[in-house]
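Undergrad: Got a structure here, written out as structure tokens. Questions coming.
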Amino acid sequence: MPNGSCNPELFTGMKYINLTPHALYIYARDGDRHPSLRLPAPDHFDDVPRAAARYIPYSEGGHMVPVSHAVRLRPDELPPPRPGVTYICSTLVAALAARPDILSPGKPVRDSRGRRLGCLGLVGHARMENP
């Protein structure tokens, strides 16, 4: 796929639903120039909690330090399993959920300047019975 703009269902036979508040660019192989799959951000951000940052004074010298308070989905707030559907959420939530239909983004893919472009594949966190 040239630029990752394809319909994920046509490519994999599986429907992927992005539960993160941002688009995901998924690369199939390390060194690929373009993502194999692009999953848009959810249409309704009200359904996906976002992190909020606020600044607090540092105790010495009055320096300001950003502190993020992430409000994340909890595993009990994830949609129920549906045949043919895989959900993608944060690593923390996916690990706590430990469901086979819940994945998280893989290792970050960065450009030569260190900017994050996407992720290398997806990661499952469900316990495997017979690896």
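Undergrad: Would you point out the residue of segment 99-128, among those that are more than 17 Å from Tyr27 (Cα to Cα) and over 15 Å from the mean Cα position of the chain (by Cα), that is surrounded by the most Cβ atoms within 10 Å (Cβ to Cβ)?
TA: Arg99
Undergrad: Would you check which residues across segment 89-131 are in a loop (DSSP other than H, G, I, E, B) and basic (Lys, Arg) and list them?
TA: Arg99, Arg113, Arg115, Arg127
Undergrad: I'd like the residue in segment 67-85 that is part of a strand (DSSP E or B) and over 18 Å from His22 (Cβ atoms) and, out of all such residues, is modelled with the lowest pLDDT.
TA: So the residue we want is Val67.
The values are calculated or read from the model by the stated rules, or taken from the named source; none is laboratory data. Just so you know, these numbers come straight off a predicted model, no measurement behind them. Because the Cβ atoms are built from the backbone with ideal geometry, glycine has one as well, and the counts that use them run over all protein chains shown.
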